[in-house]
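K.L.:
Take this structure first; my questions come after.
The values are calculated or read from the model by the stated rules, or taken from the named source; none is laboratory data. Since this is a predicted model, take the numbers as computed values, not measurements. Note that we place each Cβ from the backbone using ideal geometry, even for glycine, and neighbour counts take in every protein chain shown.
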Amino acid sequence: MALASSETARTRSERPRVGLLVTCLVDLFRPSVGFAAVKLLEDAGCLVEAPGVQTCCGQPAYNSGARSDAIDLACQTIAAFEGFDYVVTPSGSCGGMLRKHYPELLKAEPEWSGRAASLAAKTYELVSFLVDVMGVTKVDVSWPAKAAYHDACSGLRELGVREQPRKLLNTISGLEIVEVADRDACCGFGGTFSVKYPEISNAIVADKTKRVAETGCNLLIAGDLGCLLNLAGKIGREGRQIEVRHVAEVLAGQSGTPPIGGRS
Amino acid sequence: MKPTSAAFKEQATRALDDSDLQTALGRMRTHYVGSITSARERLPEFEALRDAARDIKNHTLAHLDLYLEELERKVTEAGGYVHWATTAAEARTLIETICRRANARTVTKGKSMISEEIALNAHLEKAGFKVVETDLGEYLIQIRNEPPSHIIGPAVHLTRAQIEADFRRHHKHLPAGRNITEPVALVDEARQVLRQQFITADVGITGANFLIAETGTTVIVTNEGNGDLTQILPRIHIVLATIEKVVPTLEDVSTILRVLARSATGQEISNYTTFSTGPRRSGDPDGPTEYHLVLLDGGRTEILASEFREALRCIRCGACMDHCPVYHAVGGHAYGWVYPGPIGAVMTPALIGIQQARHLPSASSFCGRCEDVCPMRIPLPKMLRYWREHDHALARRSDLSQRALRLWAWLAQRPAAYHRASRVGLGLMRLVSGPRGLPHWLPFTKGWTRHRDFPAPEKGGTFHAQWAKRGRRTS
């Protein structure tokens, strides 16, 4: 989807340059989410680049107590992205890391604290960026399904992502959105928590998939791939007939891609 | 009580297999989450009150020494005695001494988490006193010889059927054929058994939700009325509290009370909010003739000087555990000491040492709901992360997960090598993936795949490889 060659330099310069923070999970497990994000951003009028020097935002190190590794990765990410007008990521958790935690992590580093704060101020989770910054009000997609939307915790509580995805999903023709009981509850992923405390993590996700199934949905949507791998893995093991997908795929109308976990 | 937090993992696994516990936890979650949310939503100024409550406590903690001295002065002026204890052992001895001097035989108790923290009951019983818990939940765990599983609902882990069985076992003097299947019958029976104790008690011990510096008043917030009977009927009233419970004024308490009951039980105000200032004055119709306030430091001064200071704002409402997915899954006993849930995972390492409690801050998905519901805006996830940093610094470098983390961090700081390794890793993952995704023998996947599939990566290579292939801008 390269830009049309007839486009003039002037119209290009008016479009915001967006650096896409792909996230390490999307890079490895589900690149189609990254490409869906690119499509949505370009449709909204952005110029999208994905810096090749990005790796991971450092959250695994940060949450494991390895503060100095987290600081190094934060600085690397800041250097890679600070030249853009905006940094956008298809993950509330990585977005929260840049927006909320980088300034905290680097507040005592004189060379970096200001840079961390300015990066934080222009970093957004994908769907909230589309709605709140680019003013997107609808998508031109048809997707007949009964869908539950799971609010991934970091996006919900660190970035206030709640209404934006529902707003856009509601414009999809054929898609009915249903709400899960106690919808603010965690899915039990929590990064390394899911493998350090697998029994507890399993109990939490089993409770969540039970509540999801109780809605009678056949599609489960969320905005964070970590949570989605957890939910899809549990739903797959339980043999439930529920497709699991990232919100970007659905908004971009990528119904041709198999759902997460390959089941449909 | 002796902490068993080091065995958190095993205790959690047992809790997950305990069907009675799971029933009780399911009921508790449904009840608390709904009623707390609606109580908050009914009060338009709730968010502003949280800010005000936080500011009051921050101010108090910044001038704690001054307010404690004022409190001591005012309690003394009102005719009470103030006793300072640095350690749990000192507090126990002080209380024992007061009971001995009074020639006490029976000691009744209102609900007090500090008393649990310093294991007061065991100490007093060993010293020969009869100790009776009068809060229904505390009474239940006393007859079961268990620690509390929740800071405001100590027996929230029990089902009604378990309580009935305990009463039948413990109240042998009552007719065996009596009908106590209904909750109201259970409460009536407890009331009947406890009533006699209130009257015969020589000493009543309560905790305190707040200590008011300007008036020398201690405050308890309760629903059963047992606390009032505990502190009014016996000759001697002992209040046991830690130093961070002080607030400057009556006005301040009024502000914090408005967020406390709503966050604790979803009530606008609890059934009883009782203010006690000194002993019975001449002309008072009732009240104790002696009033003692035992002020315990118990490690709080150290916390005050640390990065965990904000945890001292806690007013013990329990909202963090009521909304915690880990607490919902395993309940309070798995945490292995007095304070469970997110606030417990912050306080326990501070009070018993991180070496013994290292699992507690780790066993969190960092969902952040605790911070969201905390009326005092304690940044609980941030504090759990601080503990993880302490734990990380103490961990052996040879530890397998530590080595994996170091290798990953090293690689992630070398983008070219990282992307090459990702491509190779992805190729291998796709090669070994079956219909259920990744196999369980890969490093670190076993814990995951025991209960869940690990979805196989998509076809086509990493995002960055595909992006470069399409000739897209990588800057």
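K.L.:
For the list (1) more than 8 Å from every other protein chain (Cβ to nearest Cβ); (2) farther than 21 Å from A:Arg67 by Cα; (3) of a type in the set (Ser, Thr, Tyr), I need the number of the one condition that B:Ser422 fails.
P.N.:
(1)
K.L.:
Only one residue in B:Arg385, B:Arg313, B:Arg377 is closer than 27 Å to B:Ala91 by Cβ and of a type in the set (Lys, Arg). Which one?
P.N.:
Values: B:Arg385 fails: closer than 27 Å to B:Ala91 by Cβ; B:Arg377 fails: closer than 27 Å to B:Ala91 by Cβ.
It is B:Arg313.
K.L.:
Take B:Leu380 and decide whether it is surrounded by fewer than 20 Cβ atoms within 10 Å (Cβ to Cβ), farther than 18 Å from A:Leu28 by Cα and more than 9 Å from chain A (Cβ to nearest Cβ). Talk me through it step by step, then tell me what you get.
P.N.:
Working: surrounded by fewer than 20 Cβ atoms within 10 Å (Cβ to Cβ): no; farther than 18 Å from A:Leu28 by Cα: yes; more than 9 Å from chain A (Cβ to nearest Cβ): yes.
So B:Leu380 does not fit the description; no.
K.L.:
Looking only at the range A:158-188, how many residues end up being without any contact (Cβ under 8 Å) to a residue 40 or more places away in the chain and either within 7 Å of chain B (Cβ to nearest Cβ) or among the basic types (Lys, Arg) (or both)? Steps first, answer last, please.
P.N.:
Pass one, the range A:158-188, residues without any contact (Cβ under 8 Å) to a residue 40 or more places away in the chain: A:160, A:162-164, A:166-167, A:170-171, A:173-174, A:176-186.
When the remaining residues are screened for being either within 7 Å of chain B (Cβ to nearest Cβ) or among the basic types (Lys, Arg) (or both), the result is A:162, A:166-167, A:182-186.
Count: 8.
K.L.:
If you don't mind, there's one more thing I want to ask. Looking at the range A:246-256, is at least one residue small (Gly, Ala, Ser), part of a helix (DSSP H, G or I), more than 8 Å from every other protein chain (Cβ to nearest Cβ) and crowded, with 24+ Cβ neighbours inside 10 Å?
P.N.:
Step one: filter the range A:246-256 for residues small (Gly, Ala, Ser), giving A:248, A:252-253, A:255-256.
Checking the rest, the ones that are also part of a helix (DSSP H, G or I) come to A:248.
This time we only want the ones that are more than 8 Å from every other protein chain (Cβ to nearest Cβ), so: A:248.
Going one step further and asking which of them are crowded, with 24+ Cβ neighbours inside 10 Å, we end up with A:248.
Yes, the conditions are met somewhere in the range A:246-256.
K.L.:
Report the residue count in the range A:53-103 for those that are farther than 12 Å from A:Cys24 by Cβ, within 20 Å of the chain's Cα centre (by Cα), more than 7 Å from every other protein chain (Cβ to nearest Cβ) and of a type in the set (Val, Ile, Thr).
P.N.:
3
K.L.:
Which one of the conditions (1) on the phi > 0 side of the Ramachandran plot; (2) buried (at least 24 other Cβ atoms within 10 Å of the Cβ); (3) acidic (Asp, Glu) does A:Asp182 fail to meet, given that it meets all the rest?
P.N.:
Going through the list (1) on the phi > 0 side of the Ramachandran plot; (2) buried (at least 24 other Cβ atoms within 10 Å of the Cβ); (3) acidic (Asp, Glu), A:Asp182 breaks only (2).
K.L.:
Now a separate question. Among the residues of the range B:167-196, write down those that are under 27 Å from the mean Cα position of the chain (by Cα) and either hydroxyl-bearing (Ser, Thr, Tyr) or surrounded by 18 or more Cβ atoms within 10 Å (Cβ to Cβ) (or both). Steps first, answer last, please.
P.N.:
So the first thing to find is which residues in the range B:167-196 are under 27 Å from the mean Cα position of the chain (by Cα), and the list is B:167, B:183, B:186-187, B:190-191, B:194.
Passing the criteria: B:Phe167, B:Leu186, B:Ala190, B:Leu194.
K.L.:
Taking the range B:434-455 only, how many residues are more than 7 Å from every other protein chain (Cβ to nearest Cβ) and either at pLDDT 90 or above or crowded, with 20+ Cβ neighbours inside 10 Å (or both)?
P.N.:
Qualifying residue count, the range B:434-455: 2.
K.L.:
For the range A:189-235, what are the residues that are away from every other protein chain (no Cβ under 11 Å), buried (at least 24 other Cβ atoms within 10 Å of the Cβ) and either at pLDDT below 95 or in a loop (DSSP other than H, G, I, E, B) (or both)?
P.N.:
Selection gives A:Gly223, A:Asp224.
K.L.:
Of all residues in the range B:420-443, which are assigned to a helix (DSSP H, G or I) and not basic (Lys, Arg)? Talk me through it step by step, then tell me what you get.
P.N.:
Taking the range B:420-443 and keeping what is assigned to a helix (DSSP H, G or I), we get B:420-432.
Matches in the range B:420-443: B:Ala421, B:Ser422, B:Val424, B:Gly425, B:Leu426, B:Gly427, B:Leu428, B:Met429, B:Leu431, B:Val432.
K.L.:
As an exercise: evaluate A:Ala147 against (1) within 14 Å of chain B (Cβ to nearest Cβ); (2) of a type in the set (A, V, I, L, M, F, W, C); (3) under 19 Å from A:Arg30 (Cβ atoms) and give the number of the one condition it does not meet.
P.N.:
(1)
K.L.:
Checking B:Gly461 against (1) at the interface with chain A (Cβ under 7 Å from one of its Cβ atoms); (2) assigned to a loop (DSSP other than H, G, I, E, B); (3) modelled with pLDDT of 90 or more, which test does it fail?
P.N.:
(1)
K.L.:
Hey, another quick one. Got a sec? Which of B:Ala201, B:Ala264, B:Ala213, B:Ala208 is of a type in the set (Gly, Ala, Ser), farther than 30 Å from B:Asp65 by Cα, in contact (Cβ under 8 Å) with a residue 24 or more places away in the chain and crowded, with 23+ Cβ neighbours inside 10 Å? Please lay out each step first, then the result.
P.N.:
Numbers: B:Ala264 fails: farther than 30 Å from B:Asp65 by Cα; B:Ala213 fails: farther than 30 Å from B:Asp65 by Cα; B:Ala208 fails: farther than 30 Å from B:Asp65 by Cα.
Residue meeting the stated conditions: B:Ala201.
K.L.:
Could you count how many residues in the range B:404-419 are at the interface with chain A (Cβ under 7 Å from one of its Cβ atoms) and not in a helix (DSSP H, G or I)?
P.N.:
The qualifying residues number 1.
K.L.:
Let me ask something else about it. Among the residues of the range B:106-127, how many are surrounded by fewer than 22 Cβ atoms within 10 Å (Cβ to Cβ) and within 13 Å of B:Leu194 (Cα to Cα)?
P.N.:
So the count comes out to 1.
K.L.:
Given the criteria assigned to a helix (DSSP H, G or I), of a type in the set (A, V, I, L, M, F, W, C) and touching an Asp or Glu at 6+ places or on another chain (Cβ under 9 Å), does B:Ile303 qualify?
P.N.:
Here the answer is yes, as B:Ile303 does meet what is asked.
K.L.:
If only one of B:Ala39, B:Ala78 is among the hydrophobic types (A, V, I, L, M, F, W, C) and over 18 Å from B:Gly318 (Cα atoms), which one is it? Talk me through it step by step, then tell me what you get.
P.N.:
Values: B:Ala39 fails: over 18 Å from B:Gly318 (Cα atoms).
Just a single option satisfies the conditions, and that option is B:Ala78.
K.L.:
Counting only residues that are of a type in the set (Gly, Ala, Ser) and closer than 25 Å to B:Thr200 by Cβ, which one in the range B:128-156 is surrounded by the most Cβ atoms within 10 Å (Cβ to Cβ)? Lay out the reasoning, then the answer.
P.N.:
Of all residues in the range B:128-156, those of a type in the set (Gly, Ala, Ser) come to B:128, B:137, B:149, B:153, B:155.
Restricting the remaining residues to those that are closer than 25 Å to B:Thr200 by Cβ gives B:128, B:137, B:155.
Values: B:Gly128: 11, B:Gly137: 20, B:Ala155: 22.
Step by step, filter the range B:128-156, then rank; the result is B:Ala155.
K.L.:
Same structure again: Which residues, counting only those in the range B:331-369, are under 16 Å from B:Ile315 (Cα atoms), within 14 Å of chain A (Cβ to nearest Cβ) and either among the small types (Gly, Ala, Ser) or in contact (Cβ under 8 Å) with a residue 60 or more places away in the chain (or both)?
P.N.:
B:Pro340, B:Gly341, B:Ala345
K.L.:
Filter the range B:240-257 down to the residues that are among the hydroxyl-bearing types (Ser, Thr, Tyr), surrounded by fewer than 23 Cβ atoms within 10 Å (Cβ to Cβ) and in contact (Cβ under 8 Å) with a residue 60 or more places away in the chain and list them by number. Reasoning before the result, please.
P.N.:
Of the residues in the range B:240-257, the ones among the hydroxyl-bearing types (Ser, Thr, Tyr) are B:242, B:249, B:254-255.
Now drop any that are not surrounded by fewer than 23 Cβ atoms within 10 Å (Cβ to Cβ), which leaves B:249, B:254-255.
Hit for the range B:240-257 is B:Thr255, nothing else.
K.L.:
Given the residues B:Leu384, B:Leu428, B:Leu407, B:Leu411, which is the only one that is under 25 Å from A:Ala152 (Cβ atoms) and of a type in the set (A, V, I, L, M)?
P.N.:
Details: B:Leu428 fails: under 25 Å from A:Ala152 (Cβ atoms); B:Leu407 fails: under 25 Å from A:Ala152 (Cβ atoms); B:Leu411 fails: under 25 Å from A:Ala152 (Cβ atoms).
From the options B:Leu384, B:Leu428, B:Leu407, B:Leu411, the qualifying one is B:Leu384.
For (1) within 30 Å of A:Lys234 (Cα to Cα); (2) more than 32 Å from the chain's Cα centre (by Cα), each residue gets a yes or a no:
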{"residue": "B:Asp391", "(1), (2)": "no, no"}
{"residue": "B:Asp399", "(1), (2)": "yes, no"}
{"residue": "B:Arg406", "(1), (2)": "yes, yes"}
{"residue": "B:Ala416", "(1), (2)": "no, yes"}
{"residue": "B:Arg420", "(1), (2)": "no, yes"}
{"residue": "B:Arg423", "(1), (2)": "yes, yes"}
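K.L.:
Then there's this: Give the residues of the range B:391-403 that are part of a helix (DSSP H, G or I) and closer than 12 Å to A:Ser64 by Cβ, sorted by residue number.
P.N.:
As a first pass, look at the range B:391-403 and keep what is part of a helix (DSSP H, G or I): B:391-394, B:400-403.
Correct list: B:Asp391, B:His392, B:Ala393, B:Ser401, B:Gln402.
K.L.:
Please determine, by comparing only the residues of the range B:1-32 that are assigned to a helix (DSSP H, G or I) and of a type in the set (Asp, Glu), which one is farthest from B:Ile118 (Cα to Cα). Can you show your working first?
P.N.:
So in the range B:1-32, the residues assigned to a helix (DSSP H, G or I) come out as B:5-16, B:19-32.
If we keep only those that are of a type in the set (Asp, Glu) as well, we get B:10, B:20.
Working: B:Glu10: 25, B:Asp20: 29 Å.
Going through the qualifying residues, I end up with B:Asp20.
K.L.:
Within the range B:364-377, can one find any residue that is aliphatic (A, V, I, L, M) and closer than 30 Å to A:Arg183 by Cβ?
P.N.:
First pass over the range B:364-377, keeping only residues aliphatic (A, V, I, L, M): B:373, B:376.
Checking which are closer than 30 Å to A:Arg183 by Cβ leaves us with B:373, B:376.
For the range B:364-377, residues aliphatic (A, V, I, L, M) and closer than 30 Å to A:Arg183 by Cβ: present.
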